[in-house]
Amino acid sequence: LIVDDDPAILEVFRDLLGRDPRFDVRTCSTGYDAGMLTESFRPHVIVLDYMLPDVNGNVVCQRIRERDELAGTRVLFVSGVVAQEEIDRLTAAGADGFLRKPFDIRTLMARIEQRTGV
């Protein structure tokens, strides 16, 4: 599941991951939609933008971590506007990783592959 309010970033992910048969990709642009899709789709990995239009990604991550049935879901944050203290708070909220925007596609793919085991 890719959650970002930038349509261009969502398109990059759909294009990049969508052609790879190992991945079933869903995208959304709000924290609310992320919660709904997580419930129905049950993703192995969520690539989550920190700054969303309705709630920040840390709130989405905390809600995921509160659900025992989602314990295996990995959350990888991406953001361009986060200080180290905020990264530390994201880790404390249950994040499994963080990448700064703009990110290298190969690095991102390696992190997704590590977290999915594919």
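Annotations for the structure displayed:
- Atom-type composition of the exposed protein surface of the chain places 50 percent of the accessible area on carbon and sulfur (1.4 angstrom probe).
- Across the chain, the fraction of Cα-Cα pairs farther apart than 18 Å, rounded to a whole number, is 45%.
- Cut-off 11 Å between beta-carbons: net charge of the residues surrounding Cys61, Lys and Arg +1, Asp and Glu -1: +2
- The chain, dipole about Cα centre (Lys/Arg Cβ +1, Asp/Glu Cβ -1), debye to the nearest 20: 340 debye
- Contact order normalised by residue count of the range 38-95, Cα under 8 Å, 6+ apart, percent: 42 percent
- Using a Förster distance of 25 Å, the FRET efficiency for Glu39-Gln84 (Cβ separation, nearest 0.05): 0.20
- Rounded to the nearest 500, the 222 nm mean residue ellipticity of the chain from helices alone is -13500 deg cm²/dmol, with -39,500 (n - 2.57) taken per DSSP H run of at least 4 residues.
- Calculated FRET efficiency, Ala8 to Val55, Cβ-Cβ distance, R0 = 22 Å: about 0.50 to the nearest 0.05.
- Accessible area per residue, Å², the chain with all protein chains present, probe 1.4 Å: 54 Å²
- Projected label distance in nm at Arg67 and Glu113, using a 7 Å step from Cα toward the beta-carbon: 2.9 nm
The values are calculated or read from the model by the stated rules, or taken from the named source; none is laboratory data. What you see is a predicted model; the values in this text were computed from it and never measured. Please note: Cβ atoms are built from the backbone with ideal geometry, for glycine as well, and neighbour counts cover all protein chains shown. Side chains are part of the model used for accessible areas, which takes the heavy atoms of the whole protein and leaves out ligands, DNA and RNA. Shrake-Rupley method; radii C 1.70, N 1.55, O 1.52, S 1.80 Å.
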